[in-house]
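Here the structure is laid out as structure tokens; the discussion comes afterwards.
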Amino acid sequence: MEKKVYVLLADGFEIIEALAPVDILRRCNLDVCTVAIGDSTTVCSSNNIKVEADMLMGDGSALREGDALILPGGYPGYYNLCRSATVGELAKHFYNSGRLLAAICGGPTVLKEYDIALGKNITCHNSVEHEMEKTHSLNRCTVCEDGNLITAKGAGWSVDFAIAIARRLVDNDTITKLFQGIQFPV
């Protein structure tokens, strides 16, 4: 059965943090769906690049059976994710049910906002570390994995973040083919 991955897009998202995982995971033959959290499938990135999402989030019920949920950062994208109770409930559902939850840059602030993975090891963008230090154990690494939670510092580590997610969802042969195809240094 093909694994399903959802990438949430809020106005102001960081383009590389959202689309690098989409690209890498689709190269691994995963079913990746971009989801707009607003009222339109057209979502504008933090750098004014318009992206057409695959679907609208609605109440989030259609997404609950996915295998992974990705929360990109970018400003004000991560803030817009935090303001959505539906995003918070969905992220909590993924984490509590043992499904993969991944957040990059400012995206981990959703964890704090909705009391998800309290005390777990995370990393995040330097600009939001002060918000996270009271609820999570900050790790200064670029990509941090703790159980079913993957976090990353920011845009510069988007491909590494995507590969960490891929390693959890596909077999080693698929990862080897991915590395060969994109000429990723091993």
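Details
- Values of log10 I(q)/I(0), in the order q = 0.13, 0.14, 0.19 Å⁻¹, for region 4-182 under a Debye, Cα-only, solvent-free model: -0.55, -0.65, -1.26
- Taking 0.36 nm per residue of separation and subtracting the current Cα-Cα distance, fully stretching the chain between residue 83 and residue 121 would add 11.4 nm.
- Per residue convex hull volume, Cα atoms of region 82-147, in Å³: 73
- Counted charge near residue 15, where neighbours are those whose Cβ lies closer than 15 Å (Asp, Glu -1; Lys, Arg +1): -4
- Summing charges over all other residues whose Cβ lies under 13 Å from the Cβ of residue 74, with Lys and Arg as +1 and Asp and Glu as -1, gives -3.
- Segments 125-136, 107-118 sorted - mean Cβ within 10 Å per residue, highest first: 107-118, 125-136
- Near residue 2, once Lys and Arg are set to +1 and Asp and Glu to -1 for all other residues with Cβ below 13 Å from its Cβ, the sum equals 0.
- Full-stretch length increase - residue 177, residue 97 - with 0.36 nm per residue and alpha-carbon distance subtracted: 25.8 nm
- Mean residue ellipticity (222 nm) of the chain, computed from DSSP H runs ≥ 4 via -39,500 (n - 2.57), nearest 500: -9500 deg cm²/dmol
- In order through region 138-147: 3J(HN,Hα) via Karplus (6.51 cos²θ - 1.76 cosθ + 1.60), integer Hz, x for Gly, Pro: 6, 10, 7, 6, 7, 10, 10, 10, 9, x
- Around the amide H of residue 31, modelled in the peptide plane, lie the amide H atoms of 3, 5, all under 5 Å away and 5 or more residues distant in sequence or on another chain.
- Where Cα atoms sit under 16 Å apart: lysine pairs in the chain separated by 8 or more or lying on different chains: 7
All of the numbers you see were taken from the coordinates with simple rules; none came from a lab. Computed from a predicted model, the values in this text were never measured in an experiment. Please note: Cβ atoms are built from the backbone with ideal geometry, for glycine as well, and neighbour counts cover all protein chains shown.
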